[in-house]
Amino acid sequence: MKFRRVTLKSLSYGMRTVEDKLALRVSVAEAAPLRKLVADNIRNAIISSKFAPGARLKEHELVSWTGVSRTVVREALRQLEAEGVVANIPNKGPVVASVTPEEARCHYEVRAALESLVARAAAENITKDDTLRLKQIAVDLKKSFDRGSVEKMLKVKNELDDILLSMSNNALLNGFLQLIHARLAYLRPLVLKQGDRLRENVEEINALIDAILAGDGKKAAKAALTHVQRGADATLKLLTSDSVSSDQ
C-alpha cells in the first residue's frame, strides 16, 4: 500500500506552534474518506495539546498541512464541530473548543464508565506481549515522575490509553473515548501541575496496571474508575478557580 506523507513545517495557532513532529499519512487506497482521515489528525493534534483551547483553526494552514482540498478541510472541521471538539465562533471561524465545569463533569462521568469497561476487558484479554508493554509503561511512568516532567507523563498516559484500547478489542469504546479525550485534552497538563496530582497519577496508574497484569477485571475496573474520578475532582476544582479563566 502506498502512502503520501505530508509534513507540517511550522504553523502558528494563537499562542502555540505545531512543529515538524506532526505529519499526515494518507493512503491512496484507503477505504475511509479523506474527511475522516483529516478529522482524525486534527483531533489527535488537539489530544496531544498541539492546539490550545480557543486557537483558530485556519483553513488555508490546514490545507497546507494536510495537502488536501479546502472542501475536505471544511468537511473535517464540520465533523469535529458536530463532535463538540471544534466551535464555530461568529466573525472568527473554527476554534478549538473549551469546556465549562458542567460539561467537564458530564464528560468525566461518561469517561469513568467507559474506561472501567476498557480496563476490565484489558485484564481479561491480556497476552504476554501486553504484559511486556504494560511493564515498560510502568517504568516510563516512574521516569517521568522522577524528572518532574508533565509533558513526559502525558506522553506515557497517552501511550497507556492506546495500549488498553487495543487490548479491549472494542472499536466503539475507542471512538467514544477519543472524543472525550479531545474535549478534555487542554486541561490535562494544567491539572497535573496542581498539588500532588503528578504523584497521585503514578500511584493510581500503577494500581491499574497491577490489576490488569494480575488478570483481575473487577479490580482493574475499580482502579480505572478511581483514577478518572480523582482526575474529575481535580479538574472541576481547577475550572471553578480563577486560574483557568485567567489563562483563556
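Could you check the range 70-101 and list, in sequence order, the residues that are open to solvent by 60 Å² or more (accessible area, probe 1.4 Å), in a loop (DSSP other than H, G, I, E, B) and out of contact with any Leu (no Cβ under 8 Å at 6 or more places or on another chain)?
Hits for the range 70-101 are Pro90, Asn91, Lys92.
Restricting the range 41-69 to residues that are farther than 30 Å from Leu160 by Cβ and of a type outside the set (S, T, N, Q), which is surrounded by the most Cβ atoms within 10 Å (Cβ to Cβ)? Walk me through it before giving the result.
Kept after step one, since they are farther than 30 Å from Leu160 by Cβ, are these residues of the range 41-69: 56, 58-61, 63-64, 67-69.
Subsequent filtering for residues that are of a type outside the set (S, T, N, Q) retains 56, 58-61, 63, 67-68.
Values: Arg56: 16, Lys58: 16, Glu59: 14, His60: 10, Glu61: 16, Val63: 17, Gly67: 16, Val68: 19.
Only one residue tops the list, namely Val68.
When you look at Glu159, is it in a helix (DSSP H, G or I) and exposed (fewer than 15 other Cβ atoms within 10 Å of the Cβ), yes or no?
Taking the combined requirement at face value, the residue does not satisfy it.
Name the one entry in Leu141, Leu114 that is in contact (Cβ under 8 Å) with a residue 24 or more places away in the chain, open to solvent by less than 30 Å² (accessible area, probe 1.4 Å) and over 17 Å from Leu179 (Cα atoms).
Within the list Leu141, Leu114, the selection yields Leu141.
Applying the selection to the range 165-197, what residues are open to solvent by 20 Å² or more (accessible area, probe 1.4 Å), out of contact with any Lys or Arg (no Cβ under 9 Å at 6 or more places or on another chain), touching a residue at least 40 places away in the same chain (Cβ under 8 Å) and of a type in the set (A, V, I, L, M)?
Of everything in the range 165-197, those that are open to solvent by 20 Å² or more (accessible area, probe 1.4 Å), out of contact with any Lys or Arg (no Cβ under 9 Å at 6 or more places or on another chain), touching a residue at least 40 places away in the same chain (Cβ under 8 Å) and of a type in the set (A, V, I, L, M) turn out to be Leu165, Leu190.
Can you go through Val139, Val110, Val118 and tell me which one is in a helix (DSSP H, G or I), more than 17 Å from the chain's Cα centre (by Cα) and of a type in the set (Val, Ile, Thr)?
Of Val139, Val110, Val118, the one residue that is in a helix (DSSP H, G or I), more than 17 Å from the chain's Cα centre (by Cα) and of a type in the set (Val, Ile, Thr) is Val139.
Only one of these is modelled with pLDDT under 90 and touching a Gly at 6+ places or on another chain (Cβ under 7 Å): Ala55, Ala82. Name it.
Ala55
In the range 198-224, which residues are polar (S, T, N, Q) and surrounded by fewer than 19 Cβ atoms within 10 Å (Cβ to Cβ)?
Listed by number, the list holds a single entry, Asn206.
The conditions are (1) within 25 Å of Ile46 (Cβ to Cβ); (2) touching a Ser or Thr at 6+ places or on another chain (Cβ under 6 Å), and Leu164 fails exactly one of them. Which is it?
Failed condition: (2).
The values are calculated or read from the model by the stated rules, or taken from the named source; none is laboratory data. Values in this document were obtained by computation on a predicted structure and should not be read as measured data. Every residue, glycine as well, gets a Cβ built from its backbone with ideal geometry; the counts of neighbours run over all protein chains shown. For accessibility, only protein heavy atoms count, side chains too; no ligands or nucleic acids. Shrake-Rupley method; radii C 1.70, N 1.55, O 1.52, S 1.80 Å.
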